[in-house]
Amino acid sequence: MVRARGPGRVNLIGEHTDYNDGLCLPFAIARGVTVGAERIDGDEVIAQAKDLGEEDRFPLAEPPKAEGWRAFVRGTVAELRAAGHAVPAARLEIEGDLPRGAGLSSSAALESALCLALLALAEEEPDRLELVRLGARVENEWVGAQTGLLDHLAVHFGRDGSALRIDIAALELEEVPLDLGAWTLAVLDSNSPHDNAASGYNQRREECAQAAAQLGVESLRQATLEDVPRLPDPLDRRVRHVIEENDRVDRTVIALAHEDLREVGALLDASHASLRDLYEVSTPELEETVKAMKDAGAAGARVMGGGFGGSVLALFPPGADPPVGSLGVVPGPAARLL
Ligand code: GLA
């Protein structure tokens, strides 16, 4: 049996910028999903989700659409085959230690591990940029979430010890060492489940496309703060968030280079205020979770990922203890064969 591991991801800053050709600063984490795969006779895929005690069985050629975790498995198999990869009939075992639906991208973790395991069975070398695009197609066409490339780039290109400054327009990835000394980063689940296909995520993406069309630009990367007053509410607020969030990514990179972690905390707080008031992706549960992080002494805390539920990310100075139930996060390696 071949085995592959796909990591979850944390995005330090740069939220709802990826599908606007913007900037983000994610890293892969140690928690993730492991997929075991072995060839079997016949023309089916049999997949076992061990943590859920569930099984799926579907034809290798043209799998029908499905819901939940099955959509990711069927979509990945179908998209790999449509791209010409010789994925054989297989039995798959899936297990992980990454909370599902908590905004840590359990979906990209699963897809990346599936891709590497299935390509190993096919005895093919992975082209990671191809797998990034394939992962996004699975989300867009099989799951119904119009997500961008952030999660897939983070899980396929993450580096131990570093975040990645990603410029989506140029598809440029720059390693940004994340040396926090005695400071810590932690995530805490708001316990309001996060689901990009069912939340207002697709609506936000649509609003950004509308704003770009009204401004006559190809993407909001070309929009400037002078453009904002030309747009009706709420498009003006959405665009202001995107422009200022791109700027916060670069200010965070500079603050990290200067080891100015207080400033990184202030940028996380500013990002949260913008995601709450301008982009409107927060919820009462997320606000409570941010407050719990700040009450525990966080220098900055913000909703992370798509929002409308999921987790809060916070930065703690030396000596401050994250609230009970938090998970400490540090940059770990990208998806890999074990
Ligand atoms: C989700 C999506 C990403 C990105 C973030 C918001 O995680 O999967 O593509 O849009 O939300 O930054």
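The values are calculated or read from the model by the stated rules, or taken from the named source; none is laboratory data. A quick note: this is a predicted structure, and the numbers were derived from the prediction, not measured. Cβ sites come from the backbone with ideal geometry, for glycine too, and all protein chains shown count toward neighbours.
Given the residues 182, 255, 211, which is the only one that is at pLDDT 95 or above, of a type in the set (A, V, I, L, M) and crowded, with 22+ Cβ neighbours inside 10 Å?
211
Please determine, by comparing only the residues of segment 292-322 that are within 16 Å of the ligand (Cβ to nearest atom) and outside any loop (DSSP other than H, G, I, E, B), which one is surrounded by the fewest Cβ atoms within 10 Å (Cβ to Cβ).
The residue in question is 311.
Pull up segment 100-148, narrow it to residues that are basic (Lys, Arg) and part of a helix (DSSP H, G or I), then point me to the one that is farthest from the ligand (Cβ to nearest atom).
128
Only residues that are within 13 Å of residue 6 (Cβ to Cβ) and out of contact with any strand residue (DSSP E or B) (no Cβ under 6 Å at 6 or more places or on another chain): list them for segment 135-155, please.
Hits for segment 135-155 are 135, 138, 152.
Of all residues in segment 175-195, count the ones that are within 30 Å of residue 261 (Cβ to Cβ), in contact (Cβ under 8 Å) with a residue 60 or more places away in the chain and out of contact with any Phe, Trp or Tyr (no Cβ under 7 Å at 6 or more places or on another chain).
Here the count works out to 13.
Determine the pairs where a residue that is at positive phi, located within segment 11-28, has a partner that is near the ligand (Cβ under 6 Å from one of its atoms) and in a helix (DSSP H, G or I) with Cβ atoms under 9 Å apart, the partner being 6 or more residues away or on another chain.
14/150
Please state which of the following conditions residue 333 fails to meet, knowing it meets all the rest: (1) over 30 Å from residue 207 (Cα atoms); (2) free of Cβ contacts under 8 Å to residues at least 40 places away in the same chain.
Going through the list (1) over 30 Å from residue 207 (Cα atoms); (2) free of Cβ contacts under 8 Å to residues at least 40 places away in the same chain, residue 333 breaks only (2).
With respect to residue 128, determine if the residue is of a type outside the set (Asp, Glu) and at pLDDT 95 or above.
Criteria met by residue 128.
Would you mind stating whether residue 287 is free of Cβ contacts under 8 Å to residues at least 12 places away in the same chain and not hydroxyl-bearing (Ser, Thr, Tyr)?
Yes, satisfied.
Out of 226, 287, 218, I need the residue that is closer than 17 Å to residue 303 by Cβ, away from the ligand (no atom under 16 Å from the Cβ) and out of contact with any Gly (no Cβ under 8 Å at 6 or more places or on another chain). Which one?
Of 226, 287, 218, the one residue that is closer than 17 Å to residue 303 by Cβ, away from the ligand (no atom under 16 Å from the Cβ) and out of contact with any Gly (no Cβ under 8 Å at 6 or more places or on another chain) is 287.
With respect to residue 223, determine if the residue is in contact with an Asp or Glu (Cβ under 7 Å, 6 or more places away or on another chain) and of a type in the set (Gly, Ala, Ser).
The answer is no for residue 223.
Please tell me if residue 187 is in contact with a strand residue (DSSP E or B) (Cβ under 6 Å, 6 or more places away or on another chain), closer than 26 Å to residue 329 by Cβ and either among the hydroxyl-bearing types (Ser, Thr, Tyr) or within 15 Å of the ligand (Cβ to nearest atom) (or both).
Taking the combined requirement at face value, the residue satisfies it.
Every residue in segment 69-99 that is within 20 Å of the chain's Cα centre (by Cα), farther than 14 Å from residue 47 by Cβ and either assigned to a helix (DSSP H, G or I) or without any contact (Cβ under 8 Å) to a residue 12 or more places away in the chain (or both), please.
Of everything in segment 69-99, just one residue is within 20 Å of the chain's Cα centre (by Cα), farther than 14 Å from residue 47 by Cβ and either assigned to a helix (DSSP H, G or I) or without any contact (Cβ under 8 Å) to a residue 12 or more places away in the chain (or both), namely 79.
Identify all residues within segment 207-259 that are within 25 Å of residue 147 (Cβ to Cβ), hydrophobic (A, V, I, L, M, F, W, C) and touching a strand residue (DSSP E or B) at 6+ places or on another chain (Cβ under 8 Å); write none if there are none.
Answer for segment 207-259, where residues must be within 25 Å of residue 147 (Cβ to Cβ), hydrophobic (A, V, I, L, M, F, W, C) and touching a strand residue (DSSP E or B) at 6+ places or on another chain (Cβ under 8 Å): 249, 253.
Being among the aliphatic types (A, V, I, L, M) and either out of contact with any helix residue (DSSP H, G or I) (no Cβ under 8 Å at 6 or more places or on another chain) or farther than 21 Å from residue 26 by Cβ (or both) is the filter here, so list the residues in segment 187-233 that pass it.
Result: 187, 198, 209, 211, 212, 213, 215, 217, 223, 225, 228, 231.
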